[in-house]
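Report on the structure given below.
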Amino acid sequence: MKKHSIINESVRNSEQNREKEKEFWNNVSKQKREWIKNTSKEGIIKNILSQEHWWDNLIGKIKEKKILDIGCGDTYFATYWQLTRNEACGCDFAAETVNNNNLLHKKLGLKQDFYVASSEKIEAEDEYFDVVHMRWVIHHIPEELQDSSMQEIKRVLVRGGKLIVFETNYLYPFRWLIQTPAWRKYNPFRNYAIKKGWLDPEEKALTNQGYLELLERNGFRIIAKEYDSTFFYYPVSLLIKNKLIKRMTRRLDLFVAKMISNKFSKDIKIIAEK
């Protein structure tokens, strides 16, 4: 097979995978729309403002900044930032997700500033944003677009601007179990996670070190990083409702965290600077 034929086939596969991802997240957003419609304005605001945010301990409260939430999903970070004296907007490649966020902001009387876009094509002027936020986004970006996405983020950030990243780790044992290509086709754990809607079939996480290297080779300076010590609690929280078992699992996690390296943590939290 000729080289250009192989490249074209790779591009087609990437585009097809992205369309599958869009369909997955559109369906997720349709299911979450009922919360927006059926919860009072006061209840929504109280819920969003009650959330704690890990970056506060590292860079303090974010106020009076221009912020972009890439891959905003149904997480309402841009809503939180608008409610706390910031100019915030969000983008996502899933249209239903964008519709959800604009519907929410219409209900709350906030600026409806969400639009459909991918991370490698951001609709903004050079050096416009003070902060760019990405939560569980990079592992949904096709590998061949990850560097161009980081360059695009760097383009829209002001000098000294912050990139806030929260990502899942490929080497976290339960993540590895469902993502490893070694037995992907016949992996019952993977199939079950997809069936339950816990896993986007096309996502591919990097290792903790992989995320750091991605940012650094694209000109970002890592100014802070933390590792999520949740080890057993995450799968337990998905499968078991018993509060006592959950409390015991949290205590077990604290013990396990002292024994394993950050290489195997569930997530990595990164603050990077342009």
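The values are calculated or read from the model by the stated rules, or taken from the named source; none is laboratory data. Please read these numbers as outputs of a predicted model, since none were measured by experiment. With ideal geometry, Cβ positions are generated from the backbone for all residues, glycine too; neighbour counts draw on all protein chains shown. Accessible surface areas use protein heavy atoms only, side chains included; no ligands, DNA or RNA. Shrake-Rupley method; radii C 1.70, N 1.55, O 1.52, S 1.80 Å.
Can you pull the accessible area of Trp35 for me, 1.4 Å probe, Å² to the nearest 10?
Here the residue's solvent-accessible area equals roughly 80 Å².
Taking the alpha-carbon centroid of each part, what is the distance from region 20-90 to region 182-261 in angstrom?
Cα centroid of region 20-90 versus Cα centroid of region 182-261: 22 Å apart.
Which FRET efficiency value, to the nearest 0.05, is calculated for Asn47 and Ala182 with the Förster distance at 35 angstrom and r the Cβ-Cβ distance?
FRET efficiency, Asn47 to Ala182: 0.30.
Give the long-range amide H neighbours of Leu206: residues separated by 5 or more places, or on another chain, with amide H under 5 Å away, using H modelled in the peptide plane at 1.01 Å from N.
HN-HN under 5 Å from Leu206: Tyr170.
Return the tail of the calculated pair distribution for region 33-174, meaning the percent of Cα-Cα pairs more than 21 Å apart.
43
Counting alpha carbon pairs within less than 8 Å and at least 6 residues apart, what relative contact order, in whole percent, applies to the chain? Numbers along the way, then the final one.
On the way: 422 pairs, mean separation 46.5, N = 274.
Across the chain, relative contact order equals 17 percent.
Rank Leu244, Leu206, Leu215 by mean-square fluctuation in a GNM of the chain with C-alpha springs under 10 angstrom and give only the top-ranked residue.
Per the Cα network of the chain with a 10 Å cutoff, Leu244 tops the list.
Could you state the accessible area per residue of region 24-122 in Å², with a 1.4 Å probe and every protein chain left in place? If you can, show how the numbers build up before the last one.
Details: 4890 Å² over 99 residues.
Value for region 24-122: 49 Å² per residue.
At a 1.4 Å probe radius, carbon and sulfur cover how many percent of the accessible area of the chain?
Working: 7860 of 15070 Å².
Answer for the chain: carbon and sulfur cover 52 percent of the accessible area.
How much area per residue is accessible in region 127-274 when the probe is 1.4 Å and only protein heavy atoms are counted (Å²)?
Heavy-atom accessible area per residue stands at 53 Å².
With the chain treated as a Gaussian network of Cα nodes joined by springs under 10 Å, which of Lys107, Lys258, Lys204 yields the largest mean-square fluctuation?
Comparing Lys107, Lys258, Lys204 in the GNM, the peak value goes to Lys258.
Rank Ser149, Ala94, Pro173 by how far each Cα sits towards the positive end of the charge dipole of the chain (+1 on Lys, Arg Cβ; -1 on Asp, Glu Cβ) and give me just the farthest.
Pro173
Aspartates and glutamates within cross-link reach of Lys20: Cα-Cα under 15 Å, excluding same-chain residues under 8 positions apart?
Within the straight-line limit of under 15 Å, Lys20 reaches these aspartates and glutamates: Asp92, Glu96, Asp200, Glu202, Glu203.
Kirkwood-based Rg over Rh for region 95-252 (C-alpha set), two decimals?
1.01
Under 8 Å for C-alpha pairs, at least 6 residues apart: give me the relative contact order for region 159-274, rounded to a whole percent. Let's see the in-between values first.
Numbers: 154 pairs, mean separation 53.3, N = 116.
About 46 percent, as a whole number.
For the chain, modelled as a GNM with alpha-carbon contacts under 10 angstrom, which of Val236, Val137, Val98 fluctuates the most?
Val236
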